[in-house]
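The values are calculated or read from the model by the stated rules, or taken from the named source; none is laboratory data. Keep in mind the model is a prediction, meaning the values are calculated, not measured. Neighbour counts run over all protein chains shown; Cβ positions are idealised from the backbone, glycine included. Calculation scope for accessible area: heavy atoms of the full protein, side chains included, ligands and nucleic acids excluded. Shrake-Rupley method; radii C 1.70, N 1.55, O 1.52, S 1.80 Å.
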Amino acid sequence: MALKKYFTLALAFIAALFLDTAVLPKWNLFHLVPFVMLALMLAAERLFSLQDAILIGAFGGLLEDILCENMIGLTSALCLLAAVAFHQITQKNELKPAIAGLLFAALAFLLEAARALAAYVIGMRFSVFGALVYGAFPRAILTGLWGLLFLALFRPLLKGQVDSQ
Amino acid sequence: MRKLWRNRPVLIALLAAALFLALAALTVGRRTASRAEDMFSTAVLPVQEAVSQMTDAVTDFFTRVFYPSAIQEENERLTRLVSAYERRLILYEAMEQENARLTELLDYASASGDFYFLTAPVTARNLNPYVDTITIRAGSRNGITEQMAAVTAQGIVGRIIEVGATYAKIRTMENEDMRISVMVERTRDEGMLGGLVMENGQMVGLKLYYLPKDADIQVGDTIVTSGLGGIFPKGLYVGKVIFLADEDNGEYDACVMSDVDFEHLEEVLVILSKDN
């Protein structure tokens, strides 16, 4: 039974990797590109376990960094911190799907803000207001929606294997 | 370790995050890819390129279905462009002959004669929108080295900042930190181009500054590279002046619009030196 879970997660992982690096940046609708790997990781934490989320966040972030970034490891680190934060919140609170979606978006926003900060620290210059309002905020909303999509897709697919928290 | 993994995943995640942050700090500003990165990128890039091509095909299909007028406009634009290039080609041929004669006469190599172009497909864009890099499928095996210039027929794209065996990363002109030395083609006034002119969070063009005070610049003037700095050869098309800054604007003199569509780049030309 666990095999089905890992097979589904592996497929979703590969899809997220290529969506993030090759597909969505090209469609780039209104400059809005969601962070699908983060959405997948948070959905895996919600439905399965923190360990699954850690594996997805660490490897997904690292591979995406190698393919596209200049600071190798930054995305992994931010994903792992987001997974831990999400785990701490959901451990103590029962979340409805809509609230989970909002939490996905909030964490995605914080991650985008941290990326902008990292870029600023290494010497990139841009409008902070523009980066947060026109960049991070809509990207975070889209990431939240992708998270809800993963939750909706995984639940029926993996009936019986989803942790009932 | 297995027990720790089961009982203390938060601790492991935090430790791993700290290690990844240290790795990120170590890799900032690095110019050459590691062996492991090279191997992974070499394995994944063909698949990524195939996915990228499929994405383009799907995008084209939907554009044709939902925006037939856009295709017609594109067709008309391209027809005009081809006519303009044909006219320019005739001029270039005459200039090329003249240039050859003068070069021979004065016994020095012209700047553009020192370079060859390599076509490379774009395989990925960076995830962090504030860093503005794209990845191409060509690397040190193809003769690419750091700081080489990347261009398209529409103008300058950026410069190479990292090189692997089979791939390279380019920082684009959309990046706030990119600076190139340029001149106004008509008046030969030299200046500096770089930094973004923003309106409502959207980029409208690039800042042109350090022009001489008596520079006679006008809207519609063509901006080309000046050749200073050694990265971009002299005379490459950069863009056109779309508006002049107010006199009390001490930040820049004019706004230059590049014709390069940075969001939809599919191939770029990397300028190689003759030695490579």
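Here are the numbers for this structure:
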item: Count of the stretch A:142-154 residues which are surrounded by 17 or more Cβ atoms within 10 Å (Cβ to Cβ) and of a type outside the set (S, T, N, Q); result: 8
item: Candidate set from the stretch B:250-263 (those that are under 24 Å from B:GLY155 (Cβ atoms) and exposed (fewer than 12 other Cβ atoms within 10 Å of the Cβ)); member that is modelled with the lowest pLDDT; result: B:GLU251
item: Test: B:LEU211 is within 23 Å of B:TYR116 (Cβ to Cβ), out of contact with any Leu (no Cβ under 9 Å at 6 or more places or on another chain) and in contact (Cβ under 8 Å) with a residue 12 or more places away in the chain; result: no
item: Tally of residues being facing chain B (nearest Cβ under 9 Å), open to solvent by 10 Å² or more (accessible area, probe 1.4 Å) and touching a Leu at 6+ places or on another chain (Cβ under 9 Å) across the stretch A:26-53; result: 1
item: Filter pass, A:LEU95 being touching a helix residue (DSSP H, G or I) at 6+ places or on another chain (Cβ under 9 Å) and surrounded by fewer than 19 Cβ atoms within 10 Å (Cβ to Cβ); result: yes
item: Among residues of the stretch B:1-28, those that are part of a loop (DSSP other than H, G, I, E, B) and either surrounded by 12 or more Cβ atoms within 10 Å (Cβ to Cβ) or modelled with pLDDT of 85 or more (or both), counted; result: 2
item: Selection from the stretch A:1-50 of residues that are at pLDDT 80 or above, farther than 12 Å from A:GLY147 by Cβ and not hydrophobic (A, V, I, L, M, F, W, C); result: A:LYS4, A:LYS5, A:TYR6, A:THR8, A:ASP20, A:THR21, A:SER49
item: Leading residue by the ranking (most open to solvent (accessible area, probe 1.4 Å)) among those in the stretch B:184-204 that are more than 14 Å from chain A (Cβ to nearest Cβ) and within 18 Å of the chain's Cα centre (by Cα); result: B:MET192
item: Number of positions in the stretch A:81-106 that are modelled with pLDDT of 85 or more and within 14 Å of chain B (Cβ to nearest Cβ); result: 10
item: Matching entry among A:ALA119, A:ALA113, A:ALA108 (being surrounded by 19 or more Cβ atoms within 10 Å (Cβ to Cβ) and touching a residue at least 12 places away in the same chain (Cβ under 8 Å)); result: A:ALA108
item: Single residue of the stretch A:113-139 satisfying the filter (among the charged types (D, E, K, R) and at the interface with chain B (Cβ under 7 Å from one of its Cβ atoms)) that is farthest from the chain's Cα centre (by Cα); result: A:ARG125
item: Strands (runs of 3 or more DSSP E) (entirely within the stretch B:146-242) containing at least 1 residues that are hydroxyl-bearing (Ser, Thr, Tyr); result: B:149-152, B:168-172, B:180-184, B:202-209, B:222-225
